[in-house]
Structures are given as C-alpha cells and as structure tokens.
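**Student:** This is the structure, below, for whatever I ask next.
Any read-out appearing in this document is the output of simple, stated calculations on the displayed coordinates, not a laboratory observation. All values reported here derive from a predicted model rather than from experimental measurement.
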Amino acid sequence: MKNFVYNKLVRDKIPAIIRRNGGIPSIAPLSAKRFLQELKKKLFEEGKELADAKGKEMVREELSDVLEVLQGIASAKKISWKAVLKKQKEKNVARGGFKKRIFLRSVKE
C-alpha cells in the first residue's frame with residue numbers, strides 16, 4: 001500500500017471519506033495555536049485555488065472553500081461572523097467596495 005503524505009488541515013469528514021474509500025488516514029488533533037496557524041496556511045492554499053479557478057462553477061466552489069476557512073479563523077479567534085460582516089459594512093461605507101473596478105496606477109506627492 002502506498003503512503004501519501006499531506007501534512008495539512010482538512011475538513012472534519014475527510015478521514016471518514018478516506019476510510020470509506022479503503023484508505024487508512026493518519027490524523028492528529030491540533031492545539032488552538034497550531035490550528036490557527038494551519039487555518040492561515042489553508043487560506044493561502046484555497047486562495048491560490050481560487051486564483052487558478054476557471055469557469056463559474058469552479059469559482060463558486062473555491063469561493064465556498066475560502067469562506068469556510070475565513071469562518072474557521074473567525075471562530076478560532078472567537079470573533080462572531082456577525083461582527084466580521086459589521087466591520088465589512090463599516091469599511092465599505094468608509095472606503096467603498098470594488099464595484100467600480102478602480103486600478104490605482106500611481107500617486108504623485
């Protein structure tokens with residue numbers, strides 16, 4: 001039997017899915033500190049997958065993965081998702097969103 005090394009955070013049901021498919025996962029629980037570190041690494045992984053995504057369905061899938069990781073980070077830091085959305089709205093009011101597609105080339109001072 002081949003051994004594939006991943007050493008990464010995975011979703012809760014992945015070990016059961018691996019077992020159901022005949023694999024034998026080697027898993028370990030993470031401390032709160034390590035969990036947060038791994039979530040941040042996962043955000044970069046999912047962000048890259050989003051950047052590489054082609055087509056609406058693939059983009060939707062990767063956006064859902066990024067959202068899951070963001071919600072996990074908020075939860076790990078004991079920040080309610082409601083508070084995150086409130087801050088997003090405040091920043092949108094103060095600085096705007098990205099609807100106008102503005103690309104800042106430079107600033108002369």
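**Student:** So what does the Cα-only Debye profile of the chain read at q = 0.16, 0.17 Å⁻¹, as log10 I(q)/I(0), no solvent term?
**Tutor:** For the chain at q = 0.16, 0.17 Å⁻¹, log10 I(q)/I(0) is -0.99, -1.07.
**Student:** Please give the calculated 222 nm ellipticity per residue for the chain, where each DSSP H segment of at least 4 residues contributes -39500 (n - 2.57) and the sum is spread over every residue; nearest 500 deg cm²/dmol? Provide the component values of the computation, followed by the final result.
**Tutor:** Details: 4 runs with 64 residues, N = 109.
After summing the helix terms and dividing by residue count, I get -19500 deg cm²/dmol.
**Student:** I've got another one for you. Anyone know which of Leu85, Leu43, Leu63 comes out most mobile in the 10 Å Cα GNM of the chain?
**Tutor:** The residue with the greatest mean-square fluctuation here is Leu85.
**Student:** For the range 90-105, in order, what is each residue's ³J(HN,Hα) by Karplus, 6.51 cos²θ - 1.76 cosθ + 1.60 with θ = phi - 60°, in whole Hz (x at glycine and Pro)?
**Tutor:** After applying 6.51 cos²θ - 1.76 cosθ + 1.60, I find 4, 5, 5, 5, 6, 10, x, x, 10, 5, 7, 6, 7, 10, 7, 7 Hz.
**Student:** Could you list, in their original order, any pairs among Lys87/Lys108; Lys40/Lys82; Lys8/Lys48 whose Cα atoms are separated by more than 27 Å? Before the final figure, lay out the partial values.
**Tutor:** Working: Lys87/Lys108 30 Å; Lys40/Lys82 20 Å; Lys8/Lys48 15 Å.
With Cα atoms farther than 27 Å apart: Lys87/Lys108.
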